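Encoded as structure tokens, the structure appears first; notes follow it.
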Amino acid sequence: MLIPRPRSRADGTGSFTLDERTRVTADPAAEPVAQYLQQVLRASTRLPLLGAAGATDVPVIALRIAADPDDLPAGPGGDRSEAFRLEVTAAGVVVTGGGPAGVFYGVQTLLQLLPADVYRRGRVRTDGWTLPVTVVEDAPAFAWRGVMLDVARHFRTKAEVLRLVDQLAAHRINRLHFHLTEDQGWRIEITKYPRLTEVGSWRTESQVGAHVPDDDGTLRVAGKDGRPHGGSYTQDDVREIVAYAADRFVTVVPEIETPGHVRAALAAYPELGVHPDRQLDVWTEWGIAHDVLNAEERTVQFFRDVLDEVIALFPSEYVGIGGDECPKDQWEDDPRTQERIRELGLEDEEQLQAWIVGQLAAHVESHGRRAFGWDEILEGGTLSPSATVVSWRGLQGAVTAARRGHDVISTPDDQVYLDYRQSDLPNEPIPVSIVLTVDDVYAFDPVPAELTEAERAHVIGGQANMWTEHVDSVRRLDYQLFPRVVALSEALWSADVTGPRDVDDFRQRLEHHLARLDALGVEYRHGSGPRPWEERPGVPGRPQTRAERAAYIDAVTANIADGGPTP
């Protein structure tokens, strides 16, 4: 009952039992994985599981780096660093990986072969820990297997982020896209600009639920909670999160939003805005604030400075610079912005946005990193070839970007937006947009069918996005993420490499896997619907049909739908 489904598994007869004599040994490069395994197993089994130095004739769990990785299955692009072979015999266990990450994923499979209570942090079983004799070989289908966590709308503490890292690692998710800034909050300490967190990290209250229509169709806020909300991460907090995640082979990828979704920054530093004389508050509503950055050189330099500190904290190859949902009305109505457009030799506001994004992308690249942004960065100008596009408005951005030669991370909202409602039940809490079930996420394919083989190579993977306007607690976060993240893990790790997807088979394995989530303490959504304490009676959502959502996406992506050269 393994998840994700492995490429091959051959069961034998007999078993291997962990006991007081069992030792763990590892190649030097795999020693951190050995420490991780010992930590997990000691908590739940209370077995010593010491290293095997000097021991003879004892059962061993051996963690090895492959002498010849070509003996392992090939991952994306022929890479074998995440591939592994797990061999269980009656005498012992050997995990062989193409690299340390492969050993780690082999260990995750080893843990799944044990009783689910192995995931508990204290001993609850006394009847032994037995592994079936088997050989499992596996490798991922995609290099980028991610989850985006928005901590700007509702802040998640450092401890809660570390808990999520453990959950993702157990499901072989290897990217945590950390969405750190928004209209509603700035969450990362920038030493050069302390007011970003002193002012921008908290708001006086928060909107409750979605906007609701008046009799004339005008949308209004149904209510606010009157409760201050805030929080931020110190730079040491960030270093800790990054290091903790790296030990679990999860790369934390930061994102700093520009040139829209910046109201929290403008509240701290009004001079960055189109109207520097206006003192703004951190926004207390959901949606898209119309306050955007101005296009002055000093503002661009401000964000270069921000990115310098972000890049120093995050070793990720990729750094996000936003680029989505930037209203143009302030630029259109502002004489200085119109003068700036002429000074820069640009034609319109679309090109101005592309210019700002391009300036920041070039700065990221000057550090030897790669900028990535939402699919709106395809609009209005020529992107650097190294820029990576996150396609969220369906898969049209993925098609266009791949045809223009850009790498792509697919995250179509109609397949993997995990803030979306999970059923049509009337008691679904704060129902957002379309229904997105576990089965829908399981069917996710990051690669658009219409791409050629050469174009398909640009799709480096996919991710699910967890926006948190209506997710104000870690319990609600669990409810929205799981078990849909379990389906995501198989969609991105196994894809169709292991054969045609079989949703019935997956559901059977998922039922078994839920015991593991229980042991991990994950308050997932049950298939029968929300429990009474998970409901939010009286709090309005914004449900849509799939037809309504598709019509909207078609309209907003029309200007990138040709897939031809960038205008």
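Assorted remarks:
- Residue under evaluation ALA222, criteria (1) more than 29 Å from ASP281 (Cβ to Cβ); (2) touching a Pro at 6+ places or on another chain (Cβ under 6 Å), criterion not met: (1)
- Selection within segment 358-392: residues that are crowded, with 22+ Cβ neighbours inside 10 Å and among the charged types (D, E, K, R). The member of this set that is nearest to the chain's Cα centre (by Cα) is ASP375.
- Checking each residue in segment 199-230 for being in contact with a Ser or Thr (Cβ under 9 Å, 6 or more places away or on another chain) and over 18 Å from PRO540 (Cβ atoms) picks out GLY200, SER201, TRP202, ARG203, THR204, ARG227, PRO228, HIS229, GLY230.
- Within the option set TRP186, TRP144, TRP129, TRP202, being under 30 Å from ALA91 (Cα atoms) and aromatic (Phe, Trp, Tyr) holds for one residue only, TRP129.
- Candidate set from segment 32-47 (those that are free of Cβ contacts under 8 Å to residues at least 24 places away in the same chain and surrounded by fewer than 18 Cβ atoms within 10 Å (Cβ to Cβ)); member that is nearest to ILE61 (Cα to Cα): GLN35
- LEU451 vs. criteria aliphatic (A, V, I, L, M) and under 24 Å from PRO540 (Cα atoms): no
- Count of residues meeting criterion [in contact with a Ser or Thr (Cβ under 7 Å, 6 or more places away or on another chain) and not polar (S, T, N, Q)] in segment 7-39: 7
- With respect to being in a helix (DSSP H, G or I) and either surrounded by fewer than 18 Cβ atoms within 10 Å (Cβ to Cβ) or basic (Lys, Arg) (or both), ASP504 fits the description.
- Of the residues ALA491, ALA457, the single one that is in contact with a helix residue (DSSP H, G or I) (Cβ under 8 Å, 6 or more places away or on another chain), in the same structural domain as GLY230 (by TED's automatic domain parsing) and buried (at least 21 other Cβ atoms within 10 Å of the Cβ) is ALA491.
- Among the candidates ALA457, ALA401, residue that is of a type outside the set (D, E, K, R) and either over 22 Å from HIS179 (Cβ atoms) or without any contact (Cβ under 8 Å) to a residue 12 or more places away in the chain (or both): ALA457
- Scanning segment 199-222 for residues that are closer than 19 Å to GLY185 by Cα and among the small types (Gly, Ala, Ser), we see that the one that is nearest to the chain's Cα centre (by Cα) is SER201.
- Selection within segment 211-251: residues that are loosely packed, with under 15 Cβ neighbours inside 10 Å and of a type in the set (Val, Ile, Thr). The member of this set that is farthest from ILE430 (Cα to Cα) is THR234.
- Positions within segment 64-111 being within 21 Å of VAL250 (Cα to Cα) and charged (D, E, K, R), in sequence order: ARG64, ASP79, ARG80, GLU82, ARG85
- Residues satisfying the stated conditions in segment 529-560, i.e. outside any loop (DSSP other than H, G, I, E, B) and among the polar types (S, T, N, Q): ASN559
- From the list GLU548, GLU523, the lone residue that is among the acidic types (Asp, Glu), loosely packed, with under 14 Cβ neighbours inside 10 Å and under 19 Å from THR437 (Cβ atoms) is GLU548.
- Residues considered: ARG175, ARG239. Of these, the only one that is touching a Gly at 6+ places or on another chain (Cβ under 6 Å) and of a type in the set (Lys, Arg) is ARG175.
- When segment 509-521 is filtered for residues that are more than 16 Å from SER489 (Cα to Cα) and of a type in the set (A, V, I, L, M), the ones remaining, listed by number, are ALA515, ALA519, LEU520.
- Those residues of segment 20-34 which are of a type in the set (D, E, K, R) and part of a strand (DSSP E or B), in sequence order: ARG23
- Only one of LEU293, LEU346, LEU352, LEU272 that is in contact with a Ser or Thr (Cβ under 8 Å, 6 or more places away or on another chain) and more than 25 Å from ARG187 (Cα to Cα): LEU352
- Residue list for segment 27-55, filter: farther than 28 Å from VAL124 by Cα and among the hydrophobic types (A, V, I, L, M, F, W, C): ALA29, ALA30, ALA53, ALA55
- Condition broken by VAL319, with the remaining ones in (1) surrounded by 12 or more Cβ atoms within 10 Å (Cβ to Cβ); (2) more than 24 Å from VAL408 (Cα to Cα) satisfied: (2)
- Whenever a residue of segment 60-71 is in a helix (DSSP H, G or I), it has no partner that is of a type in the set (Lys, Arg) and modelled with pLDDT under 95 lying with C-beta atoms less than 8 angstrom away and at least six residues away or across chains.
- Of all residues in segment 515-539, those that are closer than 13 Å to TYR479 by Cα have Cβ atoms under 6 Å from Cβ atoms of residues that are part of a helix (DSSP H, G or I) and among the aliphatic types (A, V, I, L, M), 6 or more apart or on another chain, in TYR524/LEU517.
- Scanning segment 520-545 for residues that are closer than 23 Å to LEU168 by Cα and among the aromatic types (Phe, Trp, Tyr) yields a count of 1.
The values are calculated or read from the model by the stated rules, or taken from the named source; none is laboratory data. These numbers come from a predicted model, not from an experiment. Positions of Cβ are generated from backbone atoms using ideal geometry, with glycine treated the same way; all protein chains shown enter the neighbour counts.
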